[in-house]
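Comments concern the structure below.
The values are calculated or read from the model by the stated rules, or taken from the named source; none is laboratory data. Quick caveat, the model's predicted, so the values are computed rather than measured. Cβ coordinates were reconstructed from backbone atoms using ideal geometry, including for glycine residues, and neighbour counts include every protein chain displayed.
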Amino acid sequence: MKKSCFIQSIVIITIFVAAAIYIIQYKLDDWLIKPGKKLILTEVSKNWKKETAYIKESVEKDSLKSLMKYYVENIKTMEDVVNLEQDIFLTEFKLAIEDSLITDNEISNLTLLMKKEQYEKSKSN
């Protein structure tokens with residue numbers, strides 16, 4: 001193999017690797033997160049009544065639904081999706097809906113948790 005052919009192949013491979021890294025870093029979230037959020041939001045809307053049928057109909061239940069929609073809409077990166085199991089908001093959300101009664105205090109706590117997490121995310125970026 002000639003020296004110039006080897007150098008050209010290294011340059012071409014480097015360009016392809018750089019393009020792949022750029023696409024993965026900056027565009028993959030757009031290709032996966034946005035359609036995924038739409039899918040999750042439609043599933044939340046479709047299944048909300050069935051999944052929360054045991055919860056008493058109230059203003060708090062509607063607030064809880066809007067909090068969940070807002071939370072899903074604010075997922076920004078794949079890292080947020082991967083770390084959903086460890087998310088404090090979701091664990092508190094599950095605790096709030098365990099019993100059939102949702103209180104104003106639980107809604108306030110969830111709202112504060114969401115704001116706190118968003119502030120921490122924006123602060124780390």
For Leu64, state whether it is within 16 Å of the chain's Cα centre (by Cα), surrounded by 12 or more Cβ atoms within 10 Å (Cβ to Cβ), assigned to a helix (DSSP H, G or I) and modelled with pLDDT of 80 or more.
-> no
Looking only at residues in the stretch 67-94 that are polar (S, T, N, Q) and in a helix (DSSP H, G or I), which one is modelled with the lowest pLDDT?
-> Asn83
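Residue by residue, here is whether (1) under 29 Å from Ser66 (Cα atoms); (2) in contact with a His (Cβ under 9 Å, 6 or more places away or on another chain); (3) free of Cβ contacts under 8 Å to residues at least 24 places away in the same chain holds:
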{"position": "Cys5", "(1), (2), (3)": "no, no, yes"}
{"position": "Ile12", "(1), (2), (3)": "no, no, yes"}
{"position": "Phe16", "(1), (2), (3)": "no, no, yes"}
{"position": "Ile21", "(1), (2), (3)": "no, no, yes"}
{"position": "Ile24", "(1), (2), (3)": "no, no, yes"}
{"position": "Lys34", "(1), (2), (3)": "yes, no, yes"}
{"position": "Leu41", "(1), (2), (3)": "yes, no, no"}
